[in-house]
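In what follows, a single structure is set out as structure tokens and then discussed.
The values are calculated or read from the model by the stated rules, or taken from the named source; none is laboratory data. These numbers come from a predicted model, not from an experiment. In this analysis, Cβ positions are derived from the backbone assuming ideal geometry, glycine residues included, and neighbour counts consider all displayed protein chains. Surface accessibility is based on the protein's heavy atoms, side chains included, excluding ligands, DNA and RNA. Shrake-Rupley method; radii C 1.70, N 1.55, O 1.52, S 1.80 Å.
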Amino acid sequence: MPIYLTGFHTNDSNTYDELHCLKGLNNFSMYHNELLQQAIKELQEEHRTVTIVYGDYYNAYKWVLQKAALLGFDSKSLQKACCGSGGDYEFSIKRF
């Protein structure tokens, strides 16, 4: 996401994956989702009459990044903010 790519920008290419995402933040997101799914499972076992819906935004966004060309997105602007305020990712924390 533009906010993370801007805030945690580094010139160390090993920090980024093949989609130019930050590996450490991806790992954190995956870990968070694993814990969240486990917590949901435990809640469902405790409260069998309750319906809990889980939306996996991480993998949905990753899928869009991987299929960007097929979906008609411009790969050069894919990770830029939609509104634009300058910088590599059209995002500036100073605007908030």
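Worth a mention:
- Only one of Val50, Val64 that is in a helix (DSSP H, G or I), of a type in the set (Val, Ile, Thr) and open to solvent by less than 90 Å² (accessible area, probe 1.4 Å): Val64
- Residue pairs whose Cβ atoms lie under 6 Å apart, sitting 6 or more positions apart in sequence or on different chains, and linking a residue in segment 1-17 that is within 16 Å of Phe28 (Cα to Cα) and part of a loop (DSSP other than H, G, I, E, B) to a partner that is open to solvent by 50 Å² or more (accessible area, probe 1.4 Å) and modelled with pLDDT of 90 or more, are Asp17/Lys23.
- Against the criterion of being in contact with a helix residue (DSSP H, G or I) (Cβ under 9 Å, 6 or more places away or on another chain) and open to solvent by less than 50 Å² (accessible area, probe 1.4 Å), Tyr89 qualifies.
- Of the candidates Leu43, Leu35, Leu78, Leu70, the single residue that is farther than 20 Å from Ile3 by Cα and part of a loop (DSSP other than H, G, I, E, B) is Leu70.
- So His20, is it part of a helix (DSSP H, G or I) and under 14 Å from the mean Cα position of the chain (by Cα): no
- Count of residues meeting criterion [at positive phi and at pLDDT 90 or above] in segment 48-96: 1
- Residue selected from segment 1-47 under the condition among the charged types (D, E, K, R) and modelled with pLDDT under 95, by the criterion surrounded by the most Cβ atoms within 10 Å (Cβ to Cβ): Asp17
- Complete set of residues in segment 62-92 that are without any contact (Cβ under 8 Å) to a residue 12 or more places away in the chain and under 18 Å from Phe8 (Cβ atoms): Ser85, Gly86
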